[in-house]
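Notes follow once the structure below has been shown.
Any read-out appearing in this document is the output of simple, stated calculations on the displayed coordinates, not a laboratory observation. Quick caveat, the model's predicted, so the values are computed rather than measured. With ideal geometry, Cβ positions are generated from the backbone for all residues, glycine too; neighbour counts draw on all protein chains shown.
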């Protein structure tokens, strides 16, 4: 197998980038590993798109302003109060200091008050998503949908999602698109192109980002074209 893969020269190591475009479709098929020609068997459809939503963001800053009100404003004052008292049989004018409140009923009182001045803005949020539907697969088998990293054993691959085929060999895998692996080719089928390979592989054969631990290509679904940046 390694000899076959050696026939596919790679100019650059795999790089990662987000999938682009609002919508796209990629068919996955079984291939004859001796010729890499498409053969009848299991198939899959990989669709990807970008969900657009908007978040409302509230931004506030603290500000200060004077707030005034008409209030009863009082100050404490002192005055001397005198009264005639009989002390030792003698009447005397006895005086003593007395405090009282001197109030201004119509005084305007102002004080600084802190408040929040807020603006609301709409922020665009774009979320890349995907959906994969496979059929005629091995029933009750767990599969991994991956973005393959050249060269073999695929070290640096990215796991997009996993799913288990039902009794009829159908599987559905969907979720948020992860950064894909883009390989650059100098010869072969994809000479002069840069793009991502999307494969469906039994989970027992691959662990991303480590790569393949076994190679059973007759059980895999391969890309029919590169997914471009």
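Structure notes:
- Relative packing of 126-138, 26-38, 195-207, 85-97, which averages over residues the other C-beta atoms within 10 Å, highest first: 195-207, 126-138, 26-38, 85-97
- Taking 218, 76, 52 in turn, the Gaussian network model of the chain (Cα-Cα springs below 10 Å) assigns the largest fluctuation to 76.
- Theoretical FRET efficiency, 1/(1+(r/R0)^6), r = Cβ-Cβ of residue 168 and residue 214, R0 30 Å, to 0.05: 0.75
- Length released on extending from residue 35 to residue 205, taking residue separation times 0.36 nm less the Cα-Cα span: 59.1 nm
- Pairs of Cα atoms farther than 14 Å apart, region 60-116, %: 72 percent
- Both the radius of gyration and Dmax for the chain are 40.4, 138 Å, in that order, over alpha-carbon atoms.
- Cubic angstrom per residue, convex hull over Cα atoms of region 87-128: 177 Å³
- Distance-filtered residues of region 65-94 - backbone nitrogen under 15 Å, label point 7 angstrom along residue 111 Cα→Cβ: 65-74
- Separation in nanometres of the label points that stand 7 Å from Cα toward Cβ, at residue 45 and residue 118: 4.6 nm
- Label separation (residue 23 vs residue 58): 3.6 nm, computed from points 7 Å beyond Cα along the C-beta direction.
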